[in-house]
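**Student:** One structure follows; several queries about it will come next.
The values are calculated or read from the model by the stated rules, or taken from the named source; none is laboratory data. A quick note: this is a predicted structure, and the numbers were derived from the prediction, not measured. A quick note on method: Cβ atoms are made from the backbone with ideal geometry, for glycine too, and the neighbour counts reach across all protein chains shown. What goes into the accessible areas is simple: the full protein's heavy atoms, side chains included, and nothing from ligands, DNA or RNA. Shrake-Rupley method; radii C 1.70, N 1.55, O 1.52, S 1.80 Å.
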Amino acid sequence: MAAKTGVLVIGASGQIGTELVLALREQYGNQNVVAADLKTASEEVKESGPFELLDVMDRDRLHQLVVQYNVGQVYLLAALLSATAEQKVMPAWNLNTYGLFYVLELAREGLIDKIYWPSSIAVFGPNTPKLNTPQSTIAEPSTVYGISKLAGERWCAYYHKRYGVDVRSLRYPGLIGYKGKPGGGTTDYAVDIFHKAVSGQAYECFLSKRTRLPMMYMPDAIRATMSLMEAPEEQIKIRSSYNVAAFSFTPEELAIEIRNHIPGFSVTYKPDFRQEIADGWPSSLDDSVAAADWGWKNEFTLETMTSDMLYHLSAMAT
Ligand code: NAD
Ligand code: AKB
């Protein structure tokens, strides 16, 4: 049987998809990587290869696209993130878990070969050790988003063990990038703050100044995702989801770092409901298992991420 060369990215118009589609197209060829989403994609994504409207909850349409494009790999990014999910509890649970089920079922039926599905630091909760959170530890999430991600992790491990499905996953920390806007998460402040800084405006932060969270720059997140997916199967020993880390900071530390480039930049703090979500998450992660299994190592630091973000956003503004 001919190899399945198609790659389908579901949720391609979001913060990660906007960048991941372009990286996958470089790797696998523009015409082989199909971007799909409920909403239209960036011009760069639409102009560089195929784009299809898709509601992942529509199983017939999902099946049709997989056959039409000879899809071997699916990257399932469609989800409702932590802050939005607290406002839309049942829709979030349904999308975040059934969307995954439908894709896992395609693999169980032999229609696709490999799945990438992101989990999150949100699987941890207030009882988890906060510093250097281990790969395996107490995970008692208190948000609908975290509960849905933890359930998803367990289903990934189950489908791998029971049916041999090649599903791979990372627990992303908060992701920071300049191409796509964040979509309703608790770590969104760390992107919004850059947009305000570059446009010469003050920023009102919805988390307190001393809330320390793990974060990662998007180029590292894309590299981690693609390395995980390309690693030989025998190296992938964790089939729930791998901790991956880069750096941690508080809003105050990020503001100080931005001020090294834009001295007059001002930030005020007005915590809202997202503070409680952030308070339940780790401050830093131990990613030594990912390092040992498939060679993960971040490249960007807080300092290099900040100067790169400011460079690109300033260039885009002129
Ligand atoms: P996002 O909200 O920016 O993008 C999600 C995309 O999914 C959107 O374009 C949306 O239109 C699409 N979508 C929603 N419902 C859909 C449906 N029914 N069918 C098809 N598409 C649908 O999210 P993101 O930041 O790009 O995150 C992608 C994945 O990574 C999610 O699973 C998220 O939980 C996970 N993650 C993200 C971060 C982060 O910091 N961005 C951190 C941890 C985990
Ligand atoms: C969110 O804040 O919801 C996401 C995440 C860490 O999963 N960025």
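**Student:** If I take every Cα pair under 8 Å that is 6 or more residues apart in the stretch 158-276, average their sequence separation and divide by the length, what percent do I get for the relative contact order? Walk me through the numbers before you get to the answer.
**Tutor:** On the way: 154 pairs, mean separation 47.0, N = 119.
Here the relative contact order equals 40 percent.
**Student:** For the stretch 103-177, what is the convex hull (Cα atoms) projected area averaged across all directions, in square nanometres? Write out the running numbers ahead of the final one.
**Tutor:** Values: hull surface 23.8 nm².
Over every viewing direction, the Cα hull of the stretch 103-177 projects on average to 6.0 nm².
**Student:** A further question on this structure: Expressed as a rounded percentage, what relative contact order does the chain have, with Cα pairs under 8 Å and six or more residues apart? Before the final figure, lay out the partial values.
**Tutor:** On the way: 637 pairs, mean separation 57.2, N = 318.
Reported relative contact order: 18 percent.
**Student:** Just the number, please: Stokes-Einstein D of the stretch 1-144 in µm²/s, Kirkwood Rh from C-alpha pairs, 4 °C, 1.567 mPa s.
**Tutor:** Details: Rh = 16.2 Å.
After rounding, the answer is 80 µm²/s.
**Student:** What does the accessible area per residue of the chain come to in Å², with a 1.4 Å probe and no ligands, DNA or RNA counted? Intermediate values should be presented prior to the final figure.
**Tutor:** Working: 13390 Å² over 318 residues.
The answer is 42 Å² per residue.
**Student:** Cα atoms only, the stretch 165-318: Rg and Dmax in Å?
**Tutor:** Every Cα atom of the stretch 165-318 included, Rg and Dmax give 16.4, 53 Å.
**Student:** Taking the Cα centre of the stretch 248-288 as the origin and placing charges on Cβ (Lys, Arg +1; Asp, Glu -1), which of Phe273, Asn260, Ser283 is farthest toward the positive end of the dipole?
**Tutor:** Highest projection toward the positive end goes to Asn260.
**Student:** Another question, then. Could you tell me what percent of the accessible area of the chain is made up of carbon and sulfur, with a 1.4 Å probe and every protein chain present? Please list the in-between numbers first.
**Tutor:** Numbers: 6860 of 13390 Å².
Solvent-exposed carbon and sulfur of the chain make up 51 percent of the total.
**Student:** Beyond a 19 Å Cα-Cα separation, which of these cross-linked pairs lie in this structure: Lys46/Lys114; Lys179/Lys270; Lys149/Lys179; Lys130/Lys297; Lys88/Lys149; Lys209/Lys270? Don't jump to the answer; show the numbers that get you there.
**Tutor:** Details: Lys46/Lys114 24 Å; Lys179/Lys270 27 Å; Lys149/Lys179 25 Å; Lys130/Lys297 21 Å; Lys88/Lys149 15 Å; Lys209/Lys270 9 Å.
Cα-Cα > 19 Å for Lys46/Lys114; Lys179/Lys270; Lys149/Lys179; Lys130/Lys297; rest within.
**Student:** In addition: With +1 on each Lys and Arg Cβ and -1 on each Asp and Glu Cβ, how big is the dipole of the chain about its Cα centre, in debye rounded to the nearest 20?
**Tutor:** Values: 29 positive and 36 negative charges, 88 e Å.
The dipole of the chain has a size of about 420 debye.
**Student:** Now for a different question. So if I place +1 on the C-beta of Lys and Arg and -1 on the C-beta of Asp and Glu, and nothing else carries charge, what would the dipole magnitude of the stretch 92-222 be about its Cα centre? I want it in debye, nearest 20. Don't skip to the end; give the middle numbers.
**Tutor:** Details: 15 positive and 10 negative charges, 59 e Å.
Computed about the Cα centre, the dipole is about 280 debye.
**Student:** Per-residue HN-Hα couplings for the stretch 296-313, Karplus 6.51 cos²θ - 1.76 cosθ + 1.60 at θ = phi - 60°, whole Hz, x for Gly and Pro?
**Tutor:** Each residue of the stretch 296-313 in turn: 5, 7, 6, 10, 7, 10, 3, 5, 6, 4, 4, 5, 5, 4, 5, 4, 6, 5 Hz.
**Student:** To continue, here is another question. I want the antiparallel fraction of DSSP beta bridges within the chain, as a percent rounded to 5.
**Tutor:** Around 10 percent antiparallel, to the nearest 5.
**Student:** Divide by every residue of the chain the summed helix terms, -39500 (n - 2.57) for each DSSP H run of at least 4, and state the resulting mean residue ellipticity at 222 nm, rounded to the nearest 500 deg cm²/dmol.
**Tutor:** Details: 13 runs with 130 residues, N = 318.
That comes out to -12000 deg cm²/dmol.
**Student:** Just the ratio, please: alpha-carbon radius of gyration of the chain over 2.2 N^0.38 Å, N its number of residues.
**Tutor:** The value comes to 0.96.
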